[in-house]
Amino acid sequence: MSEEKLDETIESVTNSSNKPIVTIKQLLEAGAHYGHPTRRWNPSMKEYIYSAEKGYHIINLQKTRAKIIEAYDALSDIVQKGGKVLFVGTKKYASTKIKEEATRCGFFFVTNRWLGGTLTNLKTIQNRVRYFNQMETKKETGYINTISKKEQAAFKKEYERLEKNFEGLKQFMRLPQAIVIIDTVKENIALKEAKKSGIPVFATANTSANPDLIDYVIPMNDDSEKSINLIISLLVDTIAESQSMPTSVAHVDEVSGDTITMEEVIVEYRKQREREKIKKQKEAREAREAREAMLLKKYGPRKPRGMKTEDAPKEEGEEETVVEEVEEGKGE
């Protein structure tokens, strides 16, 4: 399938009117409704709590879905105006997904640890980013092969240390227009710096968090890998959609109600194109065979290429007739 056709397919499903943001079924399957023990709750989260079961709070997923839609629309507006987004999540089971999704949309991310002053002391961070970029250039150009083994070991150690902290900040020369945080309790320094810098905060909040500090709160279980993966994919989808890029969810099946992923759409489209190709080849073969049959019936068998007229096979009785005519000519 050509890139042009693939782009047309992606555009058609991306702009589908029945594309979902998220369903209650998805949230339930991801375990987004599980809260913390009741003894650890923050009273400000009361409006987002549905009930308590066996000493644990249950989050109201109806309100979670409504807040996701609100955050989805707000983030889309920021990106459409050219805004940049910074993703922050240093939890072990969240860092991989954040790095993957932030890379997909080409925005910044912090997954190792939050460096104090990333937003409030931008000049220092810019200098460290430039230094890391210089080291990366040296590595790519083979500089490491021109120094001693002792210097190589020191260079590698320094590069690996910087890579952990600045891999997702290579082009971080200005403050972002939005920040997405997974677990504001753990990333409380990032939250405080964002508020101080006047940057809108999109963040998950479990029952122990303070939602009053978050501009666009998403009440959910942010200790579950599945729920984190879901919310990150959804937020990156709005960025991808705003930039006319493929989204992870294409649309909802009108019959079953299940969500159809972009990957499934592309695979099915390629299968359809392959079926059409085979069908056209079969039709062309049948047309060719029909034409050959018609020519055979009208003109008889064709002589092989390169064969002279006198070498062509003769019809039965033709050779004997020619011999008799020659003999009669001799008699005369």
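We did not get these values from a lab; they are worked out from the coordinates using the rules stated. Computed from a predicted structure; not experimentally measured. Neighbour counts run over all protein chains shown; Cβ positions are idealised from the backbone, glycine included.
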Relative packing of peptides 45-54, 231-240 - highest average C-beta neighbours within 10 Å first:
231-240, 45-54
Compactness index (Cα Rg / 2.2 N^0.38 Å), segment 90-223:
1.20
Run the quick spin-label model on residue 153 and residue 44: label points 7 Å from Cα toward the beta carbon, then report their separation in nm to one decimal.
5.0
For 120, 64, 137, ascending order of other Cβ atoms within 10 Å (fewest first) is 137, 120, 64
Residues meeting the amide H criterion for residue 36 (H placed from the backbone, H to H distance under 5 Å, 5 or more places apart or on another chain) are 57, 207, 208
Points 7 angstrom from Cα along the Cβ direction at residue 297 and residue 163: gap in nanometres?
7.3
Global size of segment 39-168 as Cα Rg and Dmax, reported in angstrom
20.9, 65
For residue 122 and residue 195, calculate 0.36 nm times their separation in residues minus their Cα-Cα distance, and state this gained length in nm to one decimal.
24.8 nm
Share of Cα-Cα pairs in segment 175-225 beyond 14 Å, in percent?
41
Among 25/97; 63/164; 149/170; 25/81; 91/226; 91/170, which pairs are too far apart, with a Cα-Cα distance over 25 Å?
63/164; 149/170; 25/81
Calculated from backbone phi, Karplus (6.51, -1.76, 1.60) coupling profile of segment 125-133 in Hz, x at Gly/Pro
5, 4, 5, 5, 5, 4, 4, 5, 4
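Could you compute Rg(Cα) / (2.2 N^0.38 Å) for segment 94-143, with N its residue count?
For segment 94-143, the normalised Cα radius of gyration comes out at 1.36.
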Please compute the length gained on full extension between residue 51 and residue 134, using 0.36 nm multiplied by the number of residues separating them and subtracting their Cα-Cα distance.
24.5 nm
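Where does the charge balance sit around residue 286 when Lys and Arg score +1, Asp and Glu -1, over other residues with C-beta under 14 Å from its C-beta?
Net local charge, residue 286 excluded: +3.
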